[in-house]
Every structure is written in C-alpha cells, then in structure tokens.
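All remarks here apply to the structure that follows.
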C-alpha cells in the first residue's frame, strides 16, 4: 500500500468509525489507534475544547498507557503545545520537545520520552477550533512536512466528527439531567402529597371523629326531639365529611401503587367508578418509579373527570407497547367537550396532566367533541422511561 492510499484508507476508516460509534471516548480512542498505526508514531493524543472552562480535555489516546489518562488531563487554552495550537488555530511542529519550553509531558504516560511532536488543530468553518490532535514520535523523520499536511487533512475530517459527537454527548447529558429533574420533581410532589395526607389524617380527620363522638353523646343526653333531630343531621354531615377526608387521603397517597405496582393501582381505581363500567387492558411494563407515579396520577385525574363530568356509561383503559413508545389511553363514551374552548372544572386537571407529561418528555393528546366522548392518549419514549433509566 503506497503512502497516498494509506492516508486515504485512514480517512475512510475514520469516517466509518464516526458512522457507527456514538461514544466520544471510544470514537476518538479508535481514531488515535489508527493514526498511530498509519504513521508508525509512538503515541497519538486527541483533545477536545471545553468552552465552558476554556480548557482542552484529553478524550482519546493510544497506546493503552496514554488512553488510561482519558478524562483526567485538562490543559488550559494557551498552555503547552496543544493549548497554544488550540488558541492560535495553527499547527505546531517540535523536533525536540526537550528544547521547547511550551512542551509538557502527560503525567505517568511516558510522553516526555518521545523526541518530536506534531500538533494540529481540528478546525471548523470560521476557524473555530473544536480540538487538537497530538502525534508523538522518537524519530523526528516520521513527522515530516508531508505527515503534517496529512494530519491536517485527518484533523479537518475529525473536526466535523467531533463537533457532531460533542453535540450528541451534550444532548445525552441534558436528557439525563432532565430525567433526573423529572424524577426529583415528581418525588417532591409525592412527598408534599404524603405530608398533606398525614396532616388530614392526624388533624382534620381526628377532629371530625372527635366531634362525631361528642355529638353522639349530646344526642344521648338530649330529651328534646327537635334538638335530637338537628344533632342527628349534624352527625350525618360529619360522617360524610369524614368519608370525604378518607377519600382525599387515599387519593393523595396511593398505597396500592407502592405495594402492588401500576397495573394493580389503575385497575383498583377503574373498578371503583360507581355506575361507570370500565374495561382495563394493561400490558406489563418495567417503568421507572417516577414514571409509574406520573402515569397513575394522570389516570387518576382522568378517571375522576369521567365520573364527575363526562356523564359516561363506559370507559376503556389501556397500556401497551407500540414500537419504541409506551402508549397509555383512556377513552369514554360521555358527553364530550370542545378542547379548543376547554375551561371550567376540568381545565386545571388537564393543565396538570400536560405538565406531568412534559416532565417525562412525553406527549399528551386530548381528543373530544360534544356528544362524542373523550380520549386522552399519553405517549412515552420507551428508552427514557424504562426502569434502567431512572
């Protein structure tokens, strides 16, 4: 293989790696190994620019002793040969690193033993430097003018690859941060609900029970039929208020969700809709805990609306897998409404459901029309809501 063919093959291999490898460290480590192989150099180090800290970060290297330093070496822009190249956007050739005060050895890598160095910038249009490629060699003859030019070609190809990989890596980190934020937000919401449920149970409910007993005692002592009648009516009101507080506690703290999981919790709610018949078809899904909580709350709010406002006789509840999406649907045969002009008692609940869906990176679609029932469909990206993503 002649030199021109070898470098062309190297460029093709770099492009091929970029098309299949998504992990930035693995990508740049693979590139570094191929550069060492095709140049017969002793080491190749690939840095990328961290614009947030104005530093170069070692992300890929070869051979293995140097690659072990990946992620641990950071060089301020302007410092060392690589920092100088990143700052000025021009290549640097050092035939004797020991005589150049800009040179700095990588800790514990042995790079200080290599006599010569070529450092080239990875440039994007507009002279924006996204990284630096360093090639070290004992033999200065390996890193002549032709090699420098070839390395600039390699760096140019790598610039586009690295820029795309960095953007992908940043996107993955932000998605992970959003997932953590969603989980923490839902967790805090549930803690607030548990706190409120505890306050109702230990405060309001206990006082209602106490008042009920006092009224019963007063009824036993009363000899006036009119007073007894009023006391009886008051105890009935207290009993209803106590039942309301118990329902509120159950709604605020779904013990079934904690104890038996999402399917059992939704099935239980659907089985207690009074005169509304429910058909429930829930597939098994290994969802993250905060996702299960959000789905349950959406189901709970929707089914409560069906009972209170829909005037429905039947409701279908389903949870299924469609390709890479988990789809949760509740559809009733009630009076329906105009979503464009939605208001009144259900509007606040709908807004809350949309907020929960947004936290999960999901979409919530409400379809309804007067006299044609209502359906609510929640679509969740399976790769983001699985238990392993929590």
Q: Having 3 or more residues that are at negative phi, assigned by TED's automatic domain parsing to the domain that holds residue 305 and modelled with pLDDT of 80 or more is the bar; report the helices (runs of 4 or more DSSP H) wholly within the range 187-280 that clear it.
A: 262-270
Q) Is it fair to say residue 317 is in contact with a helix residue (DSSP H, G or I) (Cβ under 7 Å, 6 or more places away or on another chain), under 16 Å from residue 356 (Cα atoms) and part of a strand (DSSP E or B)? A) no
**Q.** Yes/no for residue 349 being in the same structural domain as residue 383 (by TED's automatic domain parsing), in contact with a helix residue (DSSP H, G or I) (Cβ under 9 Å, 6 or more places away or on another chain) and either part of a helix (DSSP H, G or I) or at pLDDT below 90 (or both)
**A.** yes
Q: Name every residue in the range 365-385 that is within 17 Å of residue 300 (Cβ to Cβ) and either out of contact with any strand residue (DSSP E or B) (no Cβ under 9 Å at 6 or more places or on another chain) or surrounded by fewer than 13 Cβ atoms within 10 Å (Cβ to Cβ) (or both), in order of residue number.
A: none
Q: Scan the range 52-68 for residues that are outside any helix (DSSP H, G or I) and buried (at least 17 other Cβ atoms within 10 Å of the Cβ) and jot them down.
A: 55, 56, 57, 58, 59, 60, 61, 62
**Q.** Filtered residue count, the range 38-51, keeping only those that are under 17 Å from residue 157 (Cβ atoms), modelled with pLDDT of 85 or more and outside any strand (DSSP E or B)
**A.** 0
Q. Going by the conditions given, is residue 167 in a helix (DSSP H, G or I), within 30 Å of residue 295 (Cα to Cα) and under 29 Å from the mean Cα position of the chain (by Cα)?
A. no
Q) Can you tell me which of 30, 71 is touching a strand residue (DSSP E or B) at 6+ places or on another chain (Cβ under 8 Å), assigned to a helix (DSSP H, G or I) and under 19 Å from residue 165 (Cβ atoms)? A) 30
Q: Return only the number of the condition from (1) free of Cβ contacts under 8 Å to residues at least 24 places away in the same chain; (2) within 42 Å of the chain's Cα centre (by Cα); (3) in a loop (DSSP other than H, G, I, E, B) that residue 285 does not satisfy.
A: (1)
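The values are calculated or read from the model by the stated rules, or taken from the named source; none is laboratory data. Note that the structure is a prediction, hence the values are computed from the model and not measured. As a convention, Cβ positions derive from the backbone with ideal geometry for all residues, glycine included, and neighbour counts pool all protein chains shown.
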